[in-house]
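What follows is calculated from the coordinates using simple rules that are stated; it is not laboratory data. Everything numeric here is computed off the predicted structure, so don't read it as measured data. Here the Cβ is made from the backbone with ideal geometry for all residues, glycine too, and neighbour counts use every protein chain on show.
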Amino acid sequence: MKNIIKTIALGALLATAIGGVAEAKGKTIAVSWKTFQEERWKGDEAAIKKVVEAAGDKFISTDAQGSAQKQAADIEGLIAQKPDVIMVVAFDSDAILPSIKKISDAGIKSIAYDVQFEDPNALYITFDNVGVGRIMAKEVLKVKDSGNFAFIKGDKGDPNATFLFQGQLEVLKAQMDAGKIKNVCETFTDGWKPDNAQKNMEQCLTSTNNKVDAVLSENDGMASGVVAALKAQGLAGSVPVSGQDGDLAAINRVALGTQTVSVWKNTDDLGKAAANAAIALADGTAVDKIPGVAKFNGGKKKVEMNAILLAPTPITKANIGDAIKAGHITKEQACAGVKDGVDACK
Amino acid sequence: MSSTGSSQEPGLNQEGAVTRFFRVTEINPRMLGMVAALILIWCIFDVWSGFINPNEGLFGGSFLTPRNLWTLLVQTSSIAVMSSGMVLLIVMRQLDLSVGSMLSLVAVASAVLQVYQLGPLLGVGHPLIWVAGVALCLALGTGIGAVNGALTAYAKIPAFIVTLGGLIAYKGIAFLLASGETVAPMDQTFEVFGGGVQQSWLGPFWSWTLALVVCAVIIGALINGRRQRTRFNFTLRPVWAEFLLGVVGSGVVLGITKVMNSYPWPPKLIENFAAANNVVIPAGIEDRDGSAICMAAEKFVRCTTGLIYYTGYSLPVLVALAVGLVMTFIATRTVFGRYVYATGGNPEAAELSGINTKWLTIKVFALMGTLVGISSVISSARLNAATNSLGLSNELYVIAATVIGGTSLAGGVGTIYGAMLGALIMQSIISGMSLLNLPAAYQDMVVGGVLVLAVWLDQIYSRRLK
Amino acid sequence: MAKKAVKRVAPKKIPTKPAAAKKSGAVAESHESPLAVKNRQDFEASAPLVEMRDISIAFGGIKAVDRASIELRPGEVVGVLGHNGAGKSTLIKILSGAYQRDAGSILINGKEVTINNPRDAKAYGIETIYQTLALADNVDAAANLYLGRELKTRFGTLDDAAMESETRKVMHRLNPNFRRFKEPVVKLSGGQRQSVAIARAIHFNARILIMDEPTAALGPQETAQVGDLIKQLKADGIGIFLISHDLHDVFHLADKIVVMKNGKVVGTARTTDVTNDEVLGMIIAGKCPKGAIPGPGAMRDAA
């Protein structure tokens, strides 16, 4: 928890600096959250609130409690309070569109926070999920540039699972076309569940007779299942495995050498970026003049919109020390059971 | 069938050979049907996977290989353990929808204890850690089960509601315990319960020894049964039937053991083991498809005749089999089991016979909880990690396995071995389809279909019987 | 747990029962034991086996039984008559432990006792054959016969062989044709199921037997068999409550009849002192004839 407080303090400092320059006092920034059932959103809220309040602006928010209907009502309520910007974490990215139209009709700016909805007037701020896939593939390629690759994808109902896979293929395409990399197993994993990933990996190893040279797992939880399956065949450590989320256990595996990379999306960064963008919008800055904004049309309906795509951080053996320094994980947690070869653990 | 007082038994000459066979051997035709269905499913998957990717299975596929069957049994063990408890609950006209969430909660609690609490305190690898981890799983599972039971029996809230609440609530507690993170790695000794490491493999010698002991027990039980029947002047089975049961029973045990003993250690592990224990590796010619390890030009290579070890039974499978035996014993040989079945058949009659059905309800739920504890050890040890999603939707698989295994939701009827066989059928379908690289959505569809089909066939069967 | 409770209570009954020692296991003896003869001869003079005094019970404000008193002596058959809903089954279920009374007292051999559940009742030698038979349909005859009182091996496991053997013996006396010991009782005929329920009640040295509509589901031949059985049990000195809504079922078997209406006792009479028609009048109109002792439920203007 210490790390959160540190980053928040840092964010507050940054925000005060920006706020001082932007003179955005008295504006109102509103957020409609999809659910506080998942703990991470509370971290996001804390990050945004700090930046907004440090800038002298007002922060209001609502929690849709995992209901599209409630979220529509929430947004109407927010519009009535006449904020300058409304950020929306959409529970349902299609059902939210009429509410977004109401926001722009009321002359209020909207931001799609982390979850995309395809409205050309809105600013979309998220981590580059295709980029996460690219980073995974790049890090794995560094270790293994040819052979049989297995793809353990996330839940079939989650668009991120496809984004990630898409990013991985972009990087691997050249080698695959050249016939150097072969896709031997490719499965969706129900509910992103580690034990399902383990079973899928076991079946993959069975059907290929252990001839798997690298595994692209789309998150850290599933990577734990993949590593368990590899370990049972004595392959853990010799077959590169990817993951994302910066799970504590995954960073430990990276230190141990059984996982190659965990791509880490620091949600504090996302909150800070969104808050700063919101303040800029409230001050009247044009959307495409906000630093970091680029055109994005990678959504389902290919609608072109302005977006800020943050680059996530790959955690590998080489930079575990940074994660420890940033306070994301303690040295004891990261280095539990590590015998040698990792500088950060010495 | 006639059911008047004067002619209870149909004349033997009217009885068909098949009916007579089942009556005399006391083999349940339903169970035989399930075994046949299982074998059919296996064969289909082996043939089908052979088309996609030829391998060394019985019909040229990857399914009927020692390796896949070995993995299949390990994958089934967690659900099979829980389904044996669900049988008693459903027999007693109760239900536990919370087993999946309970498994997550128990596993995460034990992992937090091992990784975050005891690990730093005692030092990673301290023997107390795994003991405490297992003890916590069993105790917490039993405790939560008892709470479910007490709310059902004494607060008179229907079990469906109590455990539906549990399904939602326990998941939440599991999330809070580890803030939604995956907790890993488990203690090294604890991991042995998952079957993923070589310490949890019995090896051929002990596997054969165990198999022979089981065969001896089967034959002993047949002889003892015959002696009992003689003592009380009951009709005896014909000698051929006794022999048949003995031979088939022992044959099945030895056959399964043979398959388990044909699965070699992964070559990499043989290599590591040889290096660690200074075992001399013979020289040989490289063969990429071989399972043994040879030396060729100063290098370790795979070959057909070289250093090789076989796994034999793995610990989670043995645990599941032991649970099956103990639960069958409890269900059929103890007063507790008798009360459970009688209460399921007619709760009012049980109450009027002086059975304390409330206390019985608590005990059955607590037993279910203990089994969830055992399953949580197996699942988290196997994954070498625990997360709040570990047991997600396990309750559905456990109930499905129990129902496929012939347990009637109306209560009073169900067998432990049936439910465990049901779990094996279900896992066979899931693993087989995954082997064919079919998406999980199809697996769900087929498993759901099989569940409905099994109950439908069951009803046709029992209607014809009447 | 249940077993222990029974064992703890059980020793009490032995010293208070004059006929207990003599009687054990003598169900099938067709000749009367000297003690039974004596019991029968002076059943008016002997202490009542059971006395229920001023029993009341209400369900949701409705008085199902209202200040009912009833007694039973050794070797006596008391028919409890009344329409459906007259309270006769409820009254008797209080004695068998299925319901707990709101007021009143129960005396066994002159001593006040507490009966909170069926286990307590069984400890006092009270056995019941319910109208529904209360059989666990999914298990076999032996399991039903011994339900709650299983025989165990020295390892503490169920001794099914011994139970089946004993069941074969007792069933052979009640229904010599019965041979379906391996089948769940749901597959048996009505008469066979009845035999199992009766066997269960008489097998454990009952002192007091309650039979709730014992012949309701039976054909004429089986009804006659039950009649014979009742005579035999009576000869053994067992006290029997025979509950029925049909007068003809019980009149020739009972020594006394008690008629209930609307939860109250209309009257009590020896069957020798009243006629069929008079009893019918008691059941239908609540009129108490001269030969009967009127109870709280008797019509004021009657007789």
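Hey, how many Å between the Cα centroid of region B:13-64 and the Cα centroid of region B:277-293?
Region B:13-64 and region B:277-293 have Cα centres spaced 37 Å from each other.
Can you put A:HIS328, C:HIS252, C:HIS83, C:HIS245 in order of Cβ neighbours within 10 angstrom, beginning with the fewest?
Ranked by crowding around the Cβ, least crowded first: C:HIS252, C:HIS83, C:HIS245, A:HIS328.
Of C:ILE257, C:GLY239, C:ALA216, which is farthest towards the positive pole of region C:154-303's charge dipole, taken about the Cα centre with +1 and -1 on the beta-carbons of Lys, Arg and Asp, Glu respectively?
C:GLY239
Which distance in Å, rounded to a whole number, links the C-alpha centroids of region B:167-245 and region C:243-303?
About 65 Å separates the Cα centre of region B:167-245 from the one of region C:243-303.
Under 25 Å between alpha carbons, and skipping anything fewer than 8 positions from C:LYS88 in its own chain: which lysines qualify?
Excluding near neighbours in sequence, the set is C:LYS63, C:LYS111, C:LYS122, C:LYS231, C:LYS234, C:LYS256, C:LYS261, C:LYS264, C:LYS287, C:LYS290.
Between B:ALA139 and A:ASP105, what is the label-to-label distance in nm when each label sits 7 Å out along the Cα-to-Cβ direction?
Label-label distance for B:ALA139 and A:ASP105, simple model: 6.2 nm.
Could you give the nm distance between label points at B:VAL213 and A:ASN209, where each point is 7 Å from its Cα heading toward the beta carbon?
Roughly 3.7 nm, to one decimal.
Treat the count of other C-beta atoms within 10 Å as a stand-in for reagent exposure and order C:ILE208, B:ILE256 from fewest to most.
In increasing order of surrounding Cβ atoms, one gets B:ILE256, C:ILE208.
Cross-link partners among aspartates and glutamates for A:LYS50, C-alpha distance below 17 Å, same-chain residues fewer than 8 apart left out?
Result set, ordered by chain and number: A:GLU23, A:ASP268, A:ASP269.
To check you understand DSSP bridge types, tell me what percent of the beta bridges within region A:205-346 (both residues inside) are antiparallel, rounded to 5.
55
List the extent of the Cα atoms of the protein assembly as shown along each of their three principal axes, largest first, rounded to whole Å.
Result, largest extent first: 113, 81, 53 Å.
Report ³J(HN,Hα) in whole Hz for each residue of region C:206-211, in order, from the Karplus equation J = 6.51 cos²θ - 1.76 cosθ + 1.60 where θ = phi - 60°; Gly and Pro get x.
5, 9, 10, 10, 10, 10
GNM, chain A, Cα, under 10 Å: largest mean-square fluctuation among A:GLY271, A:GLY154, A:GLY292?
Looking only at A:GLY271, A:GLY154, A:GLY292, the biggest GNM fluctuation is shown by A:GLY292.
Considering only DSSP beta bridges with both partners in the protein assembly as shown, what is the antiparallel share in %, to the nearest 5?
40
Can you give the helix-only mean residue ellipticity at 222 nm for chain A, where every DSSP H stretch with n ≥ 4 adds -39500 (n - 2.57) and the sum goes over all residues, rounded to the nearest 500 deg cm²/dmol?
About -14500 deg cm²/dmol.
How far apart, in nm, are the 7 Å Cα→Cβ label points at B:ARG464 and C:THR223?
4.1
Starting from the Cα of A:LYS199, draw a straight line to each of the lysines and keep only those under 16 Å, dropping any in the same chain fewer than 8 residues away.
Straight-line reach from A:LYS199, under 16 Å: A:LYS153, A:LYS231.
Relative to the Cα centre, what is the charge dipole magnitude of region A:233-346, using +1 at the beta carbon of each Lys and Arg, -1 at the beta carbon of each Asp and Glu, and rounding to the nearest 20 debye? Spell out each step's value before the answer.
Details: 13 positive and 11 negative charges, 55 e Å.
That gives region A:233-346 a dipole magnitude of about 260 debye.
So, with +1 on the Cβ of K and R and -1 on the Cβ of D and E, and no other charges, what is the size of the charge dipole of region B:322-466 about its Cα centre, to the nearest 20 debye?
Result for region B:322-466 is approximately 320 debye, rounded to the nearest 20.
Determine ³J(HN,Hα), in whole Hz, for all residues of region A:274-283 in sequence, where each value follows from phi through the Karplus function 6.51 cos²θ - 1.76 cosθ + 1.60 and θ = phi - 60°; x replaces Gly and Pro.
Once rounded to whole Hz, the list reads 5, 5, 5, 5, 5, 5, 4, 4, 4, 7.
Taking Cα centroids, how far is region C:171-236 from region B:325-346 in Å?
Each part reduced to its Cα centre gives a spacing of 26 Å.
Can you compute the helix-only [θ] at 222 nm over chain B? Use -39500 (n - 2.57) per DSSP H run of at least 4 residues, normalise by all residues, nearest 500 deg cm²/dmol.
My calculation for chain B gives -22000 deg cm²/dmol from helical runs alone.
Evaluate the relative contact order of region A:78-142 (contact order divided by residue number), counting alpha-carbon pairs under 8 angstrom at least 6 apart; express in whole percent.
For region A:78-142, the relative contact order is 29 percent.
Any idea what the dipole of the protein assembly as shown comes to, in debye rounded to 20, about its Cα centre with Lys/Arg Cβ at +1 and Asp/Glu Cβ at -1?
On the way: 109 positive and 95 negative charges, 612 e Å.
Dipole magnitude for the protein assembly as shown comes out near 2940 debye.
Tally Lys/Arg at +1 and Asp/Glu at -1 over every other residue whose Cβ is under 9 Å from the Cβ of A:ASN306; what's the total?
Within the 9 Å Cβ shell, the charges total -1.
Lone cysteines in chain B, going by a 4.7 Å Cβ-Cβ cut-off?
B:CYS43, B:CYS137, B:CYS215
In whole Å, what are the Cα extents of chain A along the three principal axes, biggest one first?
Sorted largest first, the three principal extents are 63, 44, 34 Å.
Over 22 Å between Cα atoms: which of A:LYS138/A:LYS300; A:LYS193/A:LYS339; A:LYS42/A:LYS331; A:LYS265/A:LYS346; A:LYS27/A:LYS109; A:LYS144/B:LYS268 fall into that group?
A:LYS138/A:LYS300; A:LYS193/A:LYS339; A:LYS42/A:LYS331; A:LYS265/A:LYS346
Could you grab the relative contact order for region A:208-306? Cα pairs under 8 Å, six or more apart, rounded to a whole percent.
19
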